Structure formats: C-alpha cells, structure tokens
Amino acid sequence: MIGRSVREISSSGPWGIVGEAPGEPAALERWGWREAVAFDEDGMRTRLLDLGSPCSVVQASDGRLGIANACAETETSPTTDHVTVLARCRPLLPERLGDPAFRQLFGVRLAYAAGAMANGIASEDLVTALGGAGILSSFGAAGLAPMRLEAVIQRIKASLPNGPFAFNLIHSPNEPALEQRTVELYVRHGITTVEASAFLEVTPHLVRYRAAGLRSGPGGQIEIGNRLIVKLSRREIAEKVLRPAPPALLAALVREGSLTEAQARLAARVPLCDAVTVEADSGGHTDNRPLVCLLPSMLELRDAIQAQERYATPVMVGAAGGIGTPEAALGAFAMGAAYVVTGSINQSCRESGTSATARALLAQATMADVIMAPAADMFEMGVKVQLLKRGTLFPMRAQKLFHLYQQHDGIDDLPPAERQHLERVVFRQSLDSIWEETVRFFEERDPGVLAQAAGNPKRKMALIFRWYLGLSSRWATAGQAGRESDYQIWCGPSIGAFNDWVHGSYLEAPAARSVVDVAHHLMHGAAYLARLHELRLQGIRLPGSLARYRPMPL
C-alpha cells in the first residue's frame, strides 16, 4: 500500500479510503492528507453527513481519528505519512430507509407519511406541501361537513393531479351516516388512498371503499384501485383488517347494490388493507402503548396471517406514535417498520390548520405536558384522547363533564349548583340555548342522532356535553379569543421530544417550522444515526458532539 496515491486508495473497492482490510495501514500524499481526511470536528461532521458517499474512519500515527469519503486528485509523490483504516460503511441515503414497497406502492420518495389530524388540522396546505415534495400525507377530514370536505377534495386533486395524497376516514360509531357519506364522497371523486383511524370494528363502509376499487387484471391478477392504510393499536382489530373482508358484510353490500358480485368475490381474496400503521403513544385517540412492545407484536401477527393467507403482496406494517426525533424514527425502522408516520409535530408547523396561538403552545411543550381526556366523538363510551394540558383547563373540565354524565340521568337531574357552574364558567350560556344549537347542528349533519335522543334525557345530556368537547378543538384551531382556557389541542409526548431536539436550531420557532423541512431532517437524521450505529458496531466511538444530528437550514 505504501506509495499508492490518494486517488488509488480512495477507489480500491466500494468503501472509499480503505486498505485491503480494516486495520491495514494506507499511505496518503502530503496534500491528499489535507483534502481527503478530516481530523477537525466540523470536517468530520461534513464527511459523516455526506450520506451518498462511503465513509471510512482512520487513525493517524499520532493517534488522532479522522474521517474520509471522496478524495481530490493530487500529485503522486509518496510520503511516509500513514493512517490505519479502522472501519468503513456504505452510503445510506434517507430514501433507502424502510420498505421500498411502500415507496413504490404510493409513489413517494421516502418511507414516511404525515398522519391525519381531525378538523382539517392536517390541512390542505400541509398535504399539498408534502405531496409536492414527494411525501405522503393524509388530509384530516374527521369532523368536517361533507360540503367542505368535497371542496377540499377538488382543490387537492387539482394541486396534486398525480399525487401523492391520502384522505382520512375516521370511525363514527355514534354517527354511521357521516361515515357512509364520507366513503361515498371518496368513491365518487376517485380518492385512491385512504387512511382509516379509530376503528373499533370492521364496518360496511370500510369494506365498501376497499372492494369498490377491485377489478380483475391480466392473468387473473387482482388490481387494487383503492389503497387502504389502517391506523390501530390493538391486535384484535389488526386480526380483522389483515384478513379479507368478512363474507357477511360483502353479501350485505351486494344485496343493497353497493358492490357487484364480482367485486365481492375479489374482496374475499385480498386483505382488507394494504398497510397497518401501528399507533403507539400518540396524540388524539390512543391506547398509550409503548412502540417497542406493540410493533414487534403486530409484525409477528402479520407474519402469522401471511403464512395462512399467502397473499401475493404482504400487508406492510408501519409505526406511529412517539415519532418526533431521528432516534425514534431509526428505532422504528430498526424494529422492522416499513414506514414511519408523524402527527403531533406536524401540528406545530406553519402549514397546519390550527392557530398561531396553538402552535406557540405546542412549541413550548415538554414530554410531560400531555394528559388523557374524554373524546367528543365517543364520549358516551368513555373513550379518551391524548392532548396538551399546558396552558388550558380543558382536560379537567372535560373530565368533570364525564363524571357528571356517569352520575346523573339527565340535565334536569343535575344539582342546581353544578348546572349554574356549567352555564356561568364552562359553557358561558344556558344549557337550553346549547341544546337549541345542538338540534340545528345535527339536523344538518345527521338527524338520526336527534331521533336517538328523543325521550332519552341521558342521551340528550351527552349531546349537550359534546357541544363543549367538540367546539373546544375548533376554538383552538381558530384561535378563539377569550376561550384560551378551553382549548383542546391533541398531541402526544413526541412534541416534547421534538422541542428538545430542535432547541437552539432554526426549527425552534414555530413560524420557521415547515412540514417538508421536518420530514427531511427526521429522515436525514435517522440515516446519519444509522451510519454512526454501523461504526459503533465496528468498535468506533466518535466524540459525543458528533453523536447527534442537528437540523440546519435547507
């Protein structure tokens, strides 16, 4: 090796500057030493961040560690200066993380997606910004009136005629007509990717969306036109969506004319979904389960069902909940996630459909600033959502409403002092006027809900209490002045981890946070950390200052 030029050494094999094997001395020319190997911290970081090039760690004769990848051409006179190659690693671009099948199926650049946040918080601007960068995101359709949703569908399709984008379908056990109308909109407008969330069971509307896009292709292959991603956290639900649609539901949909017999036959041969997003400790609806326990369990279940069903294309399994740093993203990929999904951190970005006030509160949150509180859409069932407790009294007030609902049979059964407190402090208007507003709301949205409340005082009380739970999230998104103490802001502990990570960087200020930048830095940082991990496995311990990825302006 002595006397070989820098250029010769750097091209000896696919790894960059290497000897015949790690640990063998390599000679570098006097000028090549300066250009090829960095011994200073900034230079070492620059070479480590060159993820598209191979990377080698070398040790100089005086014991200093250096890092090199590509080398400039120099003159060829030899020198007695030597370095010893200690380790090497291959190029690893962010695009290589995760399952390439995810990128191919959804036509995206990264195995990364931004999940839906209800009431349009995962906004049109958020979806189009990420879609323009070749990244999948799901519009937060839950809670929106069909007329508004239809207008958004048309605008996003016009902005991203070739995608990628998805729309959310949330389970609505108390308002099945709303779930039905949402599916009808998606089928009618040709929405080919849907992210389903909060489902407690397989519903006819979920099955209809999936089966309506099936057709026979060349050679008897089944072409799947409607792609379905199901976000869940329970094995019993995963067991159902990893299987084909239930025969009874298919038969019922055929009888009512929602599906053809051919579509039903095809649906019996494919899984209900293309991908399962394992939702761990997330914002909104969550079971607060740790990803390190939940993801391996779901992967094992997927593999067991695949061995039984033998699908031509196995269902992919991704990870969501707690993905707020490059370390978290890399951990999910290391455990076998095909892709990662972010949520809470996107809400703090300028493209989200929430208010500047809410974004500022999110940007100040720590990991401990989250709490569980009753959910508006599943209030009577006792279902809870995770949200921000910092700067708001909503969690305590919502929990108080649920306790009153449990203890009393109707509004007229409330103690006078409790009713007066609700009207004066929490609702700020009479319960009778709130009921009148509730009637007008459901007459337009789903009159069946009012029919269920007729003659049922407890049901009526639940709807009045849901008025507060529902509007509190809209007060937050609108930045309603005077209602700051009642803001309901959905988020998980990942927002605190994200804030810690970006502290001192250009992403610290919420006005500077862009969903595209956040996606880039999370994935770029995960690839950078993967490179460091590969070096650690070869016994290399770099300075602690190089062990973290810090976001720099793009």
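The values are calculated or read from the model by the stated rules, or taken from the named source; none is laboratory data. Being a predicted model, the structure only gives us computed values, none of them experimental. Heads up, the Cβs are rebuilt from the backbone with ideal geometry, glycines too, and the neighbour counts pull from every protein chain shown.
So for region 194-213 (the condition being under 16 Å from VAL317 (Cβ atoms), in a loop (DSSP other than H, G, I, E, B) and not β-branched (Val, Ile, Thr)), does at least one residue qualify? No, region 194-213 contains no residue that is under 16 Å from VAL317 (Cβ atoms), in a loop (DSSP other than H, G, I, E, B) and not β-branched (Val, Ile, Thr). Mind checking whether some residue in region 448-469 is under 25 Å from THR357 (Cα atoms), within 28 Å of the chain's Cα centre (by Cα), surrounded by 20 or more Cβ atoms within 10 Å (Cβ to Cβ) and among the hydrophobic types (A, V, I, L, M, F, W, C)? Yes, the conditions are met somewhere in region 448-469. Summed over region 512-541, the residues that are in a helix (DSSP H, G or I) and in contact with a strand residue (DSSP E or B) (Cβ under 8 Å, 6 or more places away or on another chain) give a count of 8. Residues in region 204-224 that are within 16 Å of SER258 (Cβ to Cβ) and free of Cβ contacts under 8 Å to residues at least 40 places away in the same chain were compared, and the one that is surrounded by the fewest Cβ atoms within 10 Å (Cβ to Cβ) is GLY213. Each residue in region 146-168 was checked for being under 11 Å from GLU124 (Cα atoms), surrounded by 15 or more Cβ atoms within 10 Å (Cβ to Cβ) and polar (S, T, N, Q), and 1 of them qualify. In summary, helices (runs of 4 or more DSSP H) completely within region 229-338 and bearing 1 or more residues that are under 22 Å from LEU169 (Cβ atoms) occur at 235-241, 247-255, 261-267, 291-309.
If only one of GLY544, GLY504 is at pLDDT below 95, out of contact with any helix residue (DSSP H, G or I) (no Cβ under 9 Å at 6 or more places or on another chain) and over 15 Å from CYS349 (Cα atoms), which one is it? Exactly one of GLY544, GLY504 is at pLDDT below 95, out of contact with any helix residue (DSSP H, G or I) (no Cβ under 9 Å at 6 or more places or on another chain) and over 15 Å from CYS349 (Cα atoms), namely GLY544. Considering only residues in region 355-411 that are within 21 Å of ASP281 (Cβ to Cβ) and among the β-branched types (Val, Ile, Thr), the one that is modelled with the lowest pLDDT turns out to be VAL383. Going residue by residue through region 359-382, is there one that turns out to be under 26 Å from ASN119 (Cα atoms), free of Cβ contacts under 8 Å to residues at least 60 places away in the same chain and surrounded by fewer than 15 Cβ atoms within 10 Å (Cβ to Cβ)? Looking through region 359-382, at least one residue is under 26 Å from ASN119 (Cα atoms), free of Cβ contacts under 8 Å to residues at least 60 places away in the same chain and surrounded by fewer than 15 Cβ atoms within 10 Å (Cβ to Cβ). Return the residues of region 404-431 that are surrounded by fewer than 11 Cβ atoms within 10 Å (Cβ to Cβ) and not polar (S, T, N, Q); say none if nothing qualifies. Across region 404-431, the qualifying residues are PRO416, ALA417. Within region 286-340, restricting attention to residues that are at positive phi and within 17 Å of the chain's Cα centre (by Cα), the residue that is modelled with the lowest pLDDT is ASN288.
One line per residue, one yes/no per condition, for (1) among the β-branched types (Val, Ile, Thr); (2) part of a loop (DSSP other than H, G, I, E, B); (3) not assigned by TED's automatic domain parsing to the domain that holds LEU178:
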site	(1), (2), (3)
LEU110	no, yes, no
ALA116	no, yes, no
ILE121	yes, yes, no
VAL127	yes, no, no
ALA141	no, yes, no
ARG148	no, no, no
GLN154	no, no, no
ASN162	no, yes, no
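The condition (being touching a Pro at 6+ places or on another chain (Cβ under 6 Å), buried (at least 19 other Cβ atoms within 10 Å of the Cβ), of a type outside the set (Lys, Arg) and closer than 21 Å to HIS521 by Cβ) is satisfied by just one residue among LEU136, LEU130: LEU136.
Within region 348-358, being part of a helix (DSSP H, G or I) and either in the same structural domain as THR392 (by TED's automatic domain parsing) or hydroxyl-bearing (Ser, Thr, Tyr) (or both) holds for one residue alone: THR357.
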